[in-house]
Amino acid sequence: MKNTSAFSRSCAQLALLVFLALAYFPLLAQNDNEQKIAPELVGKWCFMNITGSTADVLTNSCITLNADGSFEASLDRSALPNANSMPELQSSDYGTWWASGNRLYYNSSTNGKGAYSFQKVNHPRLPNTPMILINGIAFVTASSHDAW
């Protein structure tokens, strides 16, 4: 009788482990493309120095957020206000992206997963021009977007 009780307890523990594994592993198997993108952010966004009285010219430091959840980044570090302002992304990088709340998440091909804070604002001198501030750095639309 003692062996039957131990066997039953082992079977119950095994069943619990199998149940937990089946419930947990699908969460691990999700890929980043299953995360939600923010359709209003899809497009090409380029850095623009909006401090002071600049000429409001787009630079060639751009991030393209695609509707399929992929991104491409081409960052000219000399154009950014702080060359190390986005250290997790390489000067030329790609991967996947998604958004939740005021966080822009990415999975970079070179540095893995991370997140930046972002904010949707309009250009201070060109009110019909939408921008996104990524970690406080202004990226202006280089695509067709309505003002926020």
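The values are calculated or read from the model by the stated rules, or taken from the named source; none is laboratory data. None of the values given here were measured: they were computed from a predicted structure. Virtual Cβ from ideal backbone geometry, glycine too; neighbours counted across all protein chains shown.
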Filtering segment 98-135 down to residues that are in a strand (DSSP E or B), of a type in the set (D, E, K, R) and more than 9 Å from the chain's Cα centre (by Cα) yields LYS120
ASN128: passes all of (1) under 20 Å from ASP76 (Cβ atoms); (2) loosely packed, with under 15 Cβ neighbours inside 10 Å but (1)
Among (1) part of a strand (DSSP E or B); (2) modelled with pLDDT under 95, ASN33 falls short only on (1)
Taking segment 45-67 and keeping residues modelled with pLDDT of 75 or more and either under 14 Å from the mean Cα position of the chain (by Cα) or aliphatic (A, V, I, L, M) (or both) leaves TRP45, MET48, ILE50, VAL57, LEU58, ILE63, THR64, LEU65, ASN66, ALA67
So, first residue among the aliphatic types (A, V, I, L, M) in segment 105-117, second residue surrounded by 13 or more Cβ atoms within 10 Å (Cβ to Cβ), Cβ within less than 7 Å, six or more apart or across chains; the pairs are ALA115/LEU104; ALA115/TYR105
